[in-house]
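Peer 1: Just passing along the structure, written as C-alpha coordinates.
The values are calculated or read from the model by the stated rules, or taken from the named source; none is laboratory data. Since the model is a prediction, treat every value here as computed from it, not as a measurement. Here the Cβ positions follow ideal geometry from the backbone for every residue, glycine too, while neighbour counts run over all protein chains shown. Calculation scope for accessible area: heavy atoms of the full protein, side chains included, ligands and nucleic acids excluded. Shrake-Rupley method; radii C 1.70, N 1.55, O 1.52, S 1.80 Å.
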2 protein chains.
Amino acid sequence: MTHVSIIGSGSMAQAISGVLTRGGAEVAIVGRDGTLDPATEVVVLAVPHHAVADVLARHGAALAGKIVVDLTNPVDFATFDSLAVPADGSAAALIAEALPQSHVLKALNTTFAATLATGTVGGDVPTTVLIAGDDTTAKDTLAGLVEAGGLRAIDAGSLRRARELESLGFLQLTLAIGEKLPWTGGFAVIA
Amino acid sequence: MTHVSIIGSGSMAQAISGVLTRGGAEVAIVGRDGTLDPATEVVVLAVPHHAVADVLARHGAALAGKIVVDLTNPVDFATFDSLAVPADGSAAALIAEALPQSHVLKALNTTFAATLATGTVGGDVPTTVLIAGDDTTAKDTLAGLVEAGGLRAIDAGSLRRARELESLGFLQLTLAIGEKLPWTGGFAVIA
(Lines give C-alpha, C1' and ligand atoms only; values in the text may rest on other atoms or scores of the structure.)
Protein backbone atom coordinates (compact mmCIF):
# COMPACT_ATOMS: atom_id res chain seq x y z
CA MET A 1 0.00 0.00 0.00
CA THR A 2 1.52 3.30 -1.09
CA HIS A 3 1.55 6.11 1.45
CA VAL A 4 0.54 9.44 -0.06
CA SER A 5 0.39 12.83 1.63
CA ILE A 6 -1.55 15.65 0.04
CA ILE A 7 -0.59 19.14 1.20
CA GLY A 8 -3.59 21.40 0.73
CA SER A 9 -7.23 21.54 1.65
CA GLY A 10 -9.15 22.67 -1.43
CA SER A 11 -11.23 20.90 -4.03
CA MET A 12 -8.17 19.47 -5.79
CA ALA A 13 -6.86 17.96 -2.56
CA GLN A 14 -10.25 16.41 -1.86
CA ALA A 15 -10.69 15.07 -5.41
CA ILE A 16 -7.19 13.58 -5.55
CA SER A 17 -7.66 12.02 -2.14
CA GLY A 18 -10.82 10.36 -3.43
CA VAL A 19 -9.13 8.94 -6.52
CA LEU A 20 -6.10 7.60 -4.68
CA THR A 21 -8.11 6.17 -1.80
CA ARG A 22 -10.37 4.41 -4.31
CA GLY A 23 -7.21 2.96 -5.80
CA GLY A 24 -6.12 1.52 -2.47
CA ALA A 25 -3.48 4.03 -1.44
CA GLU A 26 -3.18 5.20 2.15
CA VAL A 27 -3.83 8.91 1.87
CA ALA A 28 -3.31 11.68 4.42
CA ILE A 29 -4.40 15.25 3.82
CA VAL A 30 -1.94 17.51 5.58
CA GLY A 31 -2.38 21.22 6.22
CA ARG A 32 0.31 23.56 4.95
CA ASP A 33 1.80 23.72 8.43
CA GLY A 34 1.08 20.10 9.37
CA THR A 35 3.67 17.34 9.72
CA LEU A 36 4.44 14.82 7.01
CA ASP A 37 4.39 11.16 8.00
CA PRO A 38 7.95 9.91 7.40
CA ALA A 39 6.46 6.80 5.75
CA THR A 40 5.06 8.97 2.95
CA GLU A 41 6.35 7.96 -0.47
CA VAL A 42 4.42 10.45 -2.59
CA VAL A 43 3.67 14.07 -1.69
CA VAL A 44 1.13 16.01 -3.75
CA LEU A 45 1.49 19.79 -3.54
CA ALA A 46 -2.17 20.72 -3.88
CA VAL A 47 -1.73 24.38 -3.03
CA PRO A 48 -1.88 27.48 -5.23
CA HIS A 49 1.33 28.48 -6.96
CA HIS A 50 1.86 31.47 -4.68
CA ALA A 51 1.87 29.19 -1.63
CA VAL A 52 4.51 26.77 -2.92
CA ALA A 53 7.57 28.68 -1.68
CA ASP A 54 6.20 28.66 1.86
CA VAL A 55 5.39 24.94 1.67
CA LEU A 56 8.89 24.17 0.42
CA ALA A 57 10.41 26.27 3.21
CA ARG A 58 8.42 24.33 5.81
CA HIS A 59 8.58 20.84 4.37
CA GLY A 60 11.59 20.86 2.05
CA ALA A 61 13.86 18.68 4.19
CA ALA A 62 11.09 16.11 4.67
CA LEU A 63 10.61 15.83 0.90
CA ALA A 64 14.09 14.41 0.20
CA GLY A 65 13.92 11.03 -1.52
CA LYS A 66 10.18 11.31 -2.11
CA ILE A 67 8.05 11.70 -5.21
CA VAL A 68 6.74 15.26 -5.25
CA VAL A 69 3.79 16.02 -7.53
CA ASP A 70 3.31 19.63 -8.62
CA LEU A 71 -0.18 20.39 -9.91
CA THR A 72 0.03 24.17 -9.89
CA ASN A 73 -0.98 26.44 -12.72
CA PRO A 74 1.24 29.46 -12.10
CA VAL A 75 -1.07 32.02 -13.69
CA ASP A 76 -0.23 35.71 -13.35
CA PHE A 77 -3.54 36.64 -11.71
CA ALA A 78 -2.82 40.36 -12.05
CA THR A 79 -3.16 40.16 -15.84
CA PHE A 80 -4.53 36.66 -16.47
CA ASP A 81 -2.60 36.98 -19.71
CA SER A 82 0.53 34.94 -19.02
CA LEU A 83 2.20 32.56 -16.61
CA ALA A 84 4.20 33.94 -13.70
CA VAL A 85 7.24 31.76 -14.33
CA PRO A 86 10.10 32.20 -16.81
CA ALA A 87 8.75 31.82 -20.35
CA ASP A 88 11.20 29.03 -21.16
CA GLY A 89 10.66 27.27 -17.84
CA SER A 90 7.88 26.07 -15.58
CA ALA A 91 6.76 26.05 -11.98
CA ALA A 92 7.71 22.38 -11.87
CA ALA A 93 11.25 23.14 -13.03
CA LEU A 94 11.62 25.73 -10.26
CA ILE A 95 10.37 23.22 -7.69
CA ALA A 96 12.78 20.57 -9.00
CA GLU A 97 15.61 23.09 -8.65
CA ALA A 98 14.58 23.79 -5.05
CA LEU A 99 14.26 20.06 -4.26
CA PRO A 100 17.31 18.41 -5.86
CA GLN A 101 16.87 15.30 -3.69
CA SER A 102 13.21 14.73 -4.62
CA HIS A 103 11.67 13.19 -7.74
CA VAL A 104 9.53 16.04 -9.00
CA LEU A 105 6.64 15.32 -11.35
CA LYS A 106 4.25 17.68 -13.11
CA ALA A 107 0.78 16.17 -13.20
CA LEU A 108 -2.86 16.76 -12.36
CA ASN A 109 -2.75 20.42 -13.46
CA THR A 110 -4.76 19.79 -16.65
CA THR A 111 -7.69 18.01 -14.97
CA PHE A 112 -10.31 20.10 -13.20
CA ALA A 113 -11.32 18.78 -9.76
CA ALA A 114 -14.72 17.64 -11.04
CA THR A 115 -13.12 15.52 -13.76
CA LEU A 116 -10.99 13.77 -11.13
CA ALA A 117 -13.94 13.25 -8.79
CA THR A 118 -16.22 11.79 -11.48
CA GLY A 119 -13.53 10.06 -13.53
CA THR A 120 -14.89 11.64 -16.69
CA VAL A 121 -14.51 14.80 -18.71
CA GLY A 122 -18.03 15.98 -19.41
CA GLY A 123 -19.68 12.76 -18.30
CA ASP A 124 -18.60 10.43 -21.10
CA VAL A 125 -14.89 10.60 -21.80
CA PRO A 126 -12.54 9.00 -19.25
CA THR A 127 -10.26 11.44 -17.43
CA THR A 128 -6.57 11.17 -18.31
CA VAL A 129 -3.77 12.39 -16.07
CA LEU A 130 -0.74 13.62 -18.02
CA ILE A 131 2.53 13.08 -16.14
CA ALA A 132 5.83 14.76 -16.98
CA GLY A 133 9.08 14.09 -15.15
CA ASP A 134 12.65 12.91 -15.42
CA ASP A 135 12.32 9.81 -13.24
CA THR A 136 10.52 6.97 -15.00
CA THR A 137 10.00 4.95 -11.84
CA ALA A 138 8.35 7.92 -10.15
CA LYS A 139 6.09 8.44 -13.18
CA ASP A 140 5.15 4.75 -13.16
CA THR A 141 4.29 4.96 -9.46
CA LEU A 142 1.96 7.92 -9.93
CA ALA A 143 0.43 6.39 -13.07
CA GLY A 144 -0.26 3.18 -11.15
CA LEU A 145 -1.94 5.11 -8.33
CA VAL A 146 -4.30 7.07 -10.58
CA GLU A 147 -5.05 4.06 -12.78
CA ALA A 148 -5.91 2.01 -9.68
CA GLY A 149 -8.30 4.85 -8.82
CA GLY A 150 -10.10 4.47 -12.15
CA LEU A 151 -8.45 7.19 -14.24
CA ARG A 152 -6.15 6.91 -17.21
CA ALA A 153 -2.54 8.09 -17.19
CA ILE A 154 -0.10 9.02 -19.93
CA ASP A 155 3.64 9.59 -19.64
CA ALA A 156 3.98 13.04 -21.21
CA GLY A 157 7.78 13.00 -21.34
CA SER A 158 10.57 14.70 -19.43
CA LEU A 159 10.10 17.47 -16.89
CA ARG A 160 10.72 19.94 -19.72
CA ARG A 161 7.21 19.11 -20.94
CA ALA A 162 5.90 20.71 -17.73
CA ARG A 163 6.08 23.95 -19.67
CA GLU A 164 3.52 22.65 -22.16
CA LEU A 165 1.37 21.09 -19.44
CA GLU A 166 1.28 24.46 -17.68
CA SER A 167 0.37 26.18 -20.95
CA LEU A 168 -2.43 23.68 -21.40
CA GLY A 169 -3.64 24.20 -17.84
CA PHE A 170 -3.52 27.97 -18.26
CA LEU A 171 -5.41 27.89 -21.56
CA GLN A 172 -8.03 25.62 -20.04
CA LEU A 173 -8.47 27.98 -17.08
CA THR A 174 -8.90 31.00 -19.36
CA LEU A 175 -11.55 29.13 -21.36
CA ALA A 176 -13.45 28.03 -18.25
CA ILE A 177 -13.33 31.49 -16.68
CA GLY A 178 -14.47 32.90 -20.05
CA GLU A 179 -17.38 30.45 -19.97
CA LYS A 180 -16.28 28.67 -23.14
CA LEU A 181 -15.90 25.45 -21.15
CA PRO A 182 -17.67 24.06 -18.09
CA TRP A 183 -15.63 23.20 -15.00
CA THR A 184 -16.80 19.60 -15.51
CA GLY A 185 -15.26 19.51 -19.00
CA GLY A 186 -12.16 20.84 -20.70
CA PHE A 187 -9.44 19.08 -22.59
CA ALA A 188 -9.85 15.34 -22.82
CA VAL A 189 -7.24 12.99 -24.17
CA ILE A 190 -8.46 10.53 -26.81
CA ALA A 191 -5.84 7.81 -26.97
CA MET B 1 -20.09 32.43 -50.39
CA THR B 2 -16.74 33.04 -48.73
CA HIS B 3 -13.65 32.71 -50.90
CA VAL B 4 -10.86 30.82 -49.20
CA SER B 5 -7.37 30.09 -50.50
CA ILE B 6 -5.28 27.39 -48.89
CA ILE B 7 -1.54 27.66 -49.50
CA GLY B 8 -0.04 24.20 -49.23
CA SER B 9 -0.56 20.73 -50.61
CA GLY B 10 -0.30 18.29 -47.73
CA SER B 11 -2.81 16.38 -45.66
CA MET B 12 -3.80 19.47 -43.64
CA ALA B 13 -4.52 21.45 -46.82
CA GLN B 14 -6.65 18.60 -48.14
CA ALA B 15 -8.54 18.09 -44.88
CA ILE B 16 -9.26 21.80 -44.41
CA SER B 17 -10.37 22.07 -48.01
CA GLY B 18 -12.83 19.25 -47.39
CA VAL B 19 -14.28 20.86 -44.25
CA LEU B 20 -14.68 24.29 -45.78
CA THR B 21 -16.09 22.99 -49.05
CA ARG B 22 -18.61 20.92 -47.10
CA GLY B 23 -19.59 24.15 -45.37
CA GLY B 24 -20.26 25.90 -48.66
CA ALA B 25 -17.13 28.01 -49.01
CA GLU B 26 -15.44 28.42 -52.39
CA VAL B 27 -12.02 26.92 -51.78
CA ALA B 28 -8.88 27.09 -53.91
CA ILE B 29 -5.75 25.14 -53.05
CA VAL B 30 -2.78 27.20 -54.17
CA GLY B 31 0.80 25.99 -54.44
CA ARG B 32 3.44 27.91 -52.56
CA ASP B 33 4.44 29.71 -55.74
CA GLY B 34 0.92 29.96 -57.19
CA THR B 35 -1.16 33.12 -57.46
CA LEU B 36 -3.82 34.16 -54.98
CA ASP B 37 -7.24 35.04 -56.38
CA PRO B 38 -7.77 38.71 -55.43
CA ALA B 39 -11.35 37.78 -54.36
CA THR B 40 -9.93 35.63 -51.58
CA GLU B 41 -11.11 36.73 -48.14
CA VAL B 42 -9.41 34.06 -46.04
CA VAL B 43 -5.96 32.60 -46.64
CA VAL B 44 -4.89 29.48 -44.76
CA LEU B 45 -1.13 29.00 -44.48
CA ALA B 46 -1.07 25.20 -44.57
CA VAL B 47 2.69 24.89 -44.90
CA PRO B 48 5.35 23.80 -42.44
CA HIS B 49 6.77 26.49 -40.15
CA HIS B 50 10.09 26.56 -41.99
CA ALA B 51 8.31 27.44 -45.25
CA VAL B 52 6.35 30.39 -43.88
CA ALA B 53 9.02 33.04 -44.46
CA ASP B 54 9.20 32.12 -48.13
CA VAL B 55 5.40 32.18 -48.48
CA LEU B 56 5.23 35.59 -46.84
CA ALA B 57 7.98 36.90 -49.13
CA ARG B 58 6.05 35.70 -52.20
CA HIS B 59 2.49 36.48 -51.14
CA GLY B 60 2.85 39.14 -48.43
CA ALA B 61 1.51 42.07 -50.47
CA ALA B 62 -1.51 40.04 -51.62
CA LEU B 63 -2.39 39.21 -48.00
CA ALA B 64 -3.13 42.82 -47.00
CA GLY B 65 -6.70 43.23 -45.71
CA LYS B 66 -7.30 39.49 -45.60
CA ILE B 67 -7.80 36.99 -42.81
CA VAL B 68 -4.64 34.90 -42.57
CA VAL B 69 -4.85 31.63 -40.66
CA ASP B 70 -1.61 30.22 -39.25
CA LEU B 71 -1.80 26.53 -38.39
CA THR B 72 1.89 25.87 -37.95
CA ASN B 73 3.49 24.05 -35.06
CA PRO B 74 6.97 25.59 -35.01
CA VAL B 75 8.74 22.60 -33.49
CA ASP B 76 12.54 22.58 -33.30
CA PHE B 77 12.98 19.36 -35.25
CA ALA B 78 16.69 19.16 -34.41
CA THR B 79 15.88 18.46 -30.75
CA PHE B 80 12.11 17.84 -30.72
CA ASP B 81 12.37 19.29 -27.22
CA SER B 82 11.14 22.86 -27.70
CA LEU B 83 9.53 25.30 -30.10
CA ALA B 84 11.71 27.25 -32.54
CA VAL B 85 10.15 30.62 -31.73
CA PRO B 86 10.84 33.02 -28.83
CA ALA B 87 9.69 31.39 -25.56
CA ASP B 88 7.39 34.31 -24.74
CA GLY B 89 6.03 34.57 -28.30
CA SER B 90 4.62 32.40 -31.05
CA ALA B 91 4.87 31.73 -34.75
CA ALA B 92 1.54 33.50 -35.14
CA ALA B 93 2.85 36.62 -33.42
CA LEU B 94 5.82 36.68 -35.79
CA ILE B 95 3.49 36.33 -38.78
CA ALA B 96 1.27 39.13 -37.46
CA GLU B 97 4.35 41.32 -37.10
CA ALA B 98 5.30 40.58 -40.72
CA LEU B 99 1.73 41.22 -41.95
CA PRO B 100 0.54 44.35 -40.14
CA GLN B 101 -2.25 44.87 -42.68
CA SER B 102 -3.69 41.36 -42.34
CA HIS B 103 -5.94 39.88 -39.66
CA VAL B 104 -3.83 37.01 -38.41
CA LEU B 105 -5.45 34.11 -36.57
CA LYS B 106 -3.93 31.08 -34.92
CA ALA B 107 -6.13 28.07 -35.50
CA LEU B 108 -6.21 24.49 -36.75
CA ASN B 109 -2.81 23.64 -35.24
CA THR B 110 -4.29 21.49 -32.46
CA THR B 111 -6.38 19.26 -34.72
CA PHE B 112 -4.67 16.43 -36.59
CA ALA B 113 -5.69 16.15 -40.27
CA ALA B 114 -7.68 12.96 -39.63
CA THR B 115 -9.77 14.70 -36.95
CA LEU B 116 -10.65 17.44 -39.43
CA ALA B 117 -11.44 14.97 -42.21
CA THR B 118 -13.71 12.80 -40.06
CA GLY B 119 -15.10 15.54 -37.85
CA THR B 120 -14.31 13.53 -34.75
CA VAL B 121 -11.47 12.96 -32.36
CA GLY B 122 -11.15 9.21 -32.02
CA GLY B 123 -14.47 8.47 -33.72
CA ASP B 124 -16.89 9.72 -31.07
CA VAL B 125 -16.03 13.20 -29.83
CA PRO B 126 -16.73 16.12 -32.20
CA THR B 127 -13.64 17.98 -33.39
CA THR B 128 -13.24 21.51 -32.03
CA VAL B 129 -11.15 24.20 -33.72
CA LEU B 130 -9.59 26.63 -31.24
CA ILE B 131 -9.16 30.12 -32.70
CA ALA B 132 -6.96 32.85 -31.22
CA GLY B 133 -6.65 36.34 -32.64
CA ASP B 134 -7.07 40.03 -31.99
CA ASP B 135 -9.86 40.66 -34.54
CA THR B 136 -13.23 39.37 -33.37
CA THR B 137 -14.86 39.68 -36.79
CA ALA B 138 -12.09 37.60 -38.34
CA LYS B 139 -12.48 34.96 -35.63
CA ASP B 140 -16.24 34.88 -36.18
CA THR B 141 -15.72 34.42 -39.93
CA LEU B 142 -13.42 31.44 -39.46
CA ALA B 143 -15.65 29.96 -36.75
CA GLY B 144 -18.63 30.23 -39.10
CA LEU B 145 -16.74 28.48 -41.89
CA VAL B 146 -15.64 25.52 -39.79
CA GLU B 147 -19.02 25.21 -38.06
CA ALA B 148 -20.74 25.18 -41.45
CA GLY B 149 -18.38 22.33 -42.31
CA GLY B 150 -19.61 20.32 -39.34
CA LEU B 151 -16.94 21.06 -36.76
CA ARG B 152 -17.12 23.03 -33.54
CA ALA B 153 -15.22 26.24 -32.92
CA ILE B 154 -14.17 28.08 -29.77
CA ASP B 155 -12.79 31.59 -29.47
CA ALA B 156 -9.60 30.96 -27.51
CA GLY B 157 -8.86 34.63 -26.85
CA SER B 158 -6.36 37.16 -28.15
CA LEU B 159 -3.42 36.36 -30.39
CA ARG B 160 -1.30 36.10 -27.24
CA ARG B 161 -3.01 32.75 -26.64
CA ALA B 162 -1.30 31.47 -29.81
CA ARG B 163 1.60 30.69 -27.51
CA GLU B 164 -0.55 28.24 -25.56
CA LEU B 165 -2.12 26.80 -28.72
CA GLU B 166 1.36 26.15 -30.09
CA SER B 167 2.38 24.53 -26.81
CA LEU B 168 -0.69 22.32 -27.03
CA GLY B 169 0.06 21.44 -30.66
CA PHE B 170 3.67 20.64 -29.81
CA LEU B 171 2.72 18.46 -26.82
CA GLN B 172 0.18 16.61 -28.94
CA LEU B 173 2.79 15.99 -31.65
CA THR B 174 5.31 14.63 -29.13
CA LEU B 175 2.65 12.27 -27.73
CA ALA B 176 1.63 11.03 -31.19
CA ILE B 177 5.20 10.53 -32.31
CA GLY B 178 5.86 8.74 -29.00
CA GLU B 179 2.89 6.49 -29.77
CA LYS B 180 0.97 7.60 -26.70
CA LEU B 181 -1.79 8.93 -28.97
CA PRO B 182 -3.07 7.85 -32.38
CA TRP B 183 -3.05 10.38 -35.24
CA THR B 184 -6.85 10.01 -35.29
CA GLY B 185 -7.08 11.14 -31.66
CA GLY B 186 -5.38 13.64 -29.41
CA PHE B 187 -6.79 16.47 -27.36
CA ALA B 188 -10.54 16.88 -27.62
CA VAL B 189 -12.44 19.79 -26.18
CA ILE B 190 -15.44 18.88 -24.03
CA ALA B 191 -17.56 22.01 -23.81
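Peer 1: What FRET efficiency do you get for B:Ala53 and A:Ala191 if R0 is 30 Å and r is their Cβ-Cβ distance, rounded to the nearest 0.05?
Peer 2: Details: r = 35 Å, r/R0 = 1.16.
In this case the efficiency is close to 0.30.
Peer 1: Which entries of A:Lys106/B:Lys66; A:Lys106/A:Lys180; A:Lys180/B:Lys66 have Cα-Cα distances beyond 31 Å here?
Peer 2: Values: A:Lys106/B:Lys66 41 Å; A:Lys106/A:Lys180 25 Å; A:Lys180/B:Lys66 27 Å.
Check vs 31 Å cut-off fails for A:Lys106/B:Lys66.
Peer 1: Could you run the numbers on buried accessible area between B and A, total for both chains, 1.4 angstrom probe, in Å² to the nearest 100? Intermediate results must be reported in sequence, preceding the final value.
Peer 2: On the way: alone 8750 and 8740 Å², together 14710 Å².
That pair of chains buries around 2800 Å² in total.
Peer 1: While we're here: Between copies, how far does the label point of B:Asp76 sit from its twins, in nm, shortest first, when each point is 7 Å from Cα along Cα→Cβ?
Peer 2: Distances to the matching label points in the other copies: 2.2 nm.
Peer 1: Right, something else. Accessible area of the stretch B:3-177 with a 1.4 Å probe: how many percent of it is carbon plus sulfur?
Peer 2: Values: 3350 of 6500 Å².
With neighbouring chains kept in place, the figure for the stretch B:3-177 is 52 percent.
Peer 1: May I pose another question? Looking only at the stretch A:3-177, where both bridge partners belong to it, what percent of the DSSP beta bridges are antiparallel (to the nearest 5)? Don't skip to the end; give the middle numbers.
Peer 2: Details: 6 of 27 bridges.
Counting DSSP beta bridges with both partners in the stretch A:3-177, the antiparallel share is about 20 percent.
Peer 1: Okay, moving on. Run the dipole for the protein assembly as shown about the Cα centre, Lys and Arg Cβ at +1, Asp and Glu Cβ at -1, nothing else charged, and hand back the magnitude in debye, nearest 20. Write down the numbers at each step before the final one.
Peer 2: Numbers: 22 positive and 38 negative charges, 70 e Å.
With only Lys, Arg, Asp and Glu charged at Cβ, the dipole is about 340 debye.
Peer 1: Which residue, B:Thr110, B:Ala148, B:Phe187, has the largest displacement toward the positive end of the dipole of chain B when charges sit on each Cβ (Lys, Arg +1; Asp, Glu -1)?
Peer 2: Toward the positive end, the furthest listed residue is B:Ala148.
Peer 1: Restricting to the protein assembly as shown, compute how many DSSP beta bridges are antiparallel as a %, nearest 5.
Peer 2: Working: 17 of 59 bridges.
That works out to approximately 30 percent antiparallel.
Peer 1: Under a 1.4 Å probe, what is the accessible area of the stretch A:3-177 per residue, stated in Å²?
Peer 2: On the way: 6490 Å² over 175 residues.
Averaged over the residues of the stretch A:3-177, the accessible area is 37 Å².
Peer 1: Applying 1/(1 + (r/R0)^6) with R0 = 45 Å to the Cβ-Cβ distance of A:Ala61 and A:Asp124, what FRET efficiency is obtained, to the nearest 0.05? Display every interim value, and only then the final one.
Peer 2: On the way: r = 45 Å, r/R0 = 0.99.
Efficiency for this residue pair is about 0.50.
Peer 1: With every protein chain in place, what's the accessible area of B:Ser90 (1.4 Å probe, Å², nearest 10)?
Peer 2: About 0 Å², ignoring ligands and nucleic acids.
Peer 1: Still on this structure, I have one more. Suppose we look only past 30 Å in the calculated P(r) of chain A. What percent of the Cα-Cα pairs does that tail hold? Before the final figure, lay out the partial values.
Peer 2: Numbers: 1948 of 18145 pairs.
Counting every Cα pair in chain A, those more than 30 Å apart make up 11 percent.
Peer 1: Compute the label-point distances linking B:Asp135 to its equivalents in the other copies; points lie 7 Å from Cα along Cα→Cβ; give nm, one decimal, shortest first.
Peer 2: Label point to label point, same position, other copies: 5.1 nm.
Peer 1: Kindly give the distances from B:Pro100 to its copy-mates, label point to label point, with each label point 7 Å from Cα along Cα→Cβ, as nm values to one decimal ordered shortest first.
Peer 2: Sorted ascending, the copy-to-copy spacings read 4.8 nm.
Peer 1: Report the paramagnetic label zone for A:Trp183: residues of the stretch A:9-38 whose backbone N is under 19 Å from a point 7 Å from Cα along the Cα-to-Cβ axis.
Peer 2: Inside the label zone: A:9-19.
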